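First the structure, in the form of structure tokens, and then the observations on it.
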Amino acid sequence: MPRSFQMICLLMFSSIVFSLTPAYSQAEAPAVVTFSLDFPTSQPEHYSIRVPSDGAARYQSSGRLSADSDETNSRDNDNDNNSFDLDFTVAAGTRQKIFQLAAKAGYFQKDVDSHHKNLAFTGKKTLGYKDARRSGESTYNYSTNPAVQDLTSLMQSLSSTLEFGHRLQYDHHYQKLALDEELKRMEELALTNQLIEVTAIQPILDQIIADQSVINVTRARAQRLLDRADIR
């Protein structure tokens, strides 16, 4: 058999094997930015946010529903489960900002804490980054790094929005009269751009708008929030 023919056969066989290789072995896993905060005197006492570059994010928190409530994040305490978990999609613009800030902060491969003395404790915060080539993680109370400050503020605003959605779910199920005050607070924060990714809590806002047993003023507030977020 001519050598050239053997080479052609070998190349064809290699092409077939390569085409049958699962796609996940050829593609890199998405890059991920993570943020967590532990602050025993706040609500929630703990939360974490995981934002992959593909946008399929996850939020988890635990603690009381409000400062003046003994209720935990789960009404069923018999199951010893007081956590709130939410899978949601981060919009492309917010996602791009998160990863740009992570890059500016050096992917948290160095200590970002200011180590300034006599600073008030505002919670133990941890930022992390991981992709196929690099990883980093840094824990801090306060950072003088502008990118870290901006990213911390963004993540805290995101948590605030998601926790509003969590409380709205609870109130809609157990105490509908409390919905208006919660939505009023949301409108005030929205006016100062302190709420982001309202699309993540659209399902509960839609439920409130559609519920004829909820007073019209409250339903109108929920509608305005969606309109302001350009969801409609």
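The values are calculated or read from the model by the stated rules, or taken from the named source; none is laboratory data. Values in this document were obtained by computation on a predicted structure and should not be read as measured data. With ideal geometry, Cβ positions are generated from the backbone for all residues, glycine too; neighbour counts draw on all protein chains shown. Protein only, heavy atoms only, side chains kept; ligands, DNA and RNA dropped before computing areas. Shrake-Rupley method; radii C 1.70, N 1.55, O 1.52, S 1.80 Å.
Scan region 92-122 for residues that are open to solvent by 60 Å² or more (accessible area, probe 1.4 Å) and under 21 Å from the mean Cα position of the chain (by Cα) and the total you get is 6.
Close contacts from region 42-58, counting a first residue that is in contact (Cβ under 8 Å) with a residue 24 or more places away in the chain and a second that is among the acidic types (D, E) and not in a strand (DSSP E or B), with Cβ to Cβ under 9 Å and a gap of 6+ residues or different chains, come to Q43/E163; P44/E163; Y47/E163; S53/D131; A57/E197. Here S143, S213, S157 are screened, and the one residue that is modelled with pLDDT of 95 or more and under 21 Å from D111 (Cα atoms) is S143. Filtering region 170-206 to residues that are open to solvent by 30 Å² or more (accessible area, probe 1.4 Å), within 22 Å of the chain's Cα centre (by Cα) and without any contact (Cβ under 8 Å) to a residue 60 or more places away in the chain leaves R185, E187, E188, L189, L191, T192, N193, Q194, Q202, P203, D206. Among the candidates L168, L205, L195, the residue that is farther than 21 Å from T41 by Cβ and at pLDDT below 95 is uniquely L195. Per the conditions (1) touching a Gly at 6+ places or on another chain (Cβ under 6 Å); (2) assigned to a strand (DSSP E or B), the sole criterion not satisfied by Y107 is (2). Here is a list: S74, S114, S66, S62. Which entry is more than 21 Å from I196 (Cα to Cα), modelled with pLDDT under 95 and either touching a Pro at 6+ places or on another chain (Cβ under 8 Å) or not hydrophobic (A, V, I, L, M, F, W, C) (or both)? From the options S74, S114, S66, S62, the qualifying one is S74.
Checking the stated criteria, K125 turns out to be under 19 Å from P40 (Cα atoms), modelled with pLDDT of 95 or more, surrounded by 15 or more Cβ atoms within 10 Å (Cβ to Cβ) and not polar (S, T, N, Q).
Annotation: of all residues in region 22-39 being modelled with pLDDT of 95 or more and not in a loop (DSSP other than H, G, I, E, B), the one that is surrounded by the most Cβ atoms within 10 Å (Cβ to Cβ) is V33. Confirm whether R133 is in a loop (DSSP other than H, G, I, E, B) and either farther than 18 Å from Y47 by Cα or in contact with a Phe, Trp or Tyr (Cβ under 7 Å, 6 or more places away or on another chain) (or both). Yes. Regarding S42, is this residue over 18 Å from S160 (Cβ atoms) and either among the hydroxyl-bearing types (S, T, Y) or modelled with pLDDT under 95 (or both)? No; evaluated as a whole, the condition is false for this residue. Which one is surrounded by the fewest Cβ atoms within 10 Å (Cβ to Cβ), of the residues in region 207-232 that are without any contact (Cβ under 8 Å) to a residue 12 or more places away in the chain and among the hydrophobic types (A, V, I, L, M, F, W, C)? The residue in question is A210.
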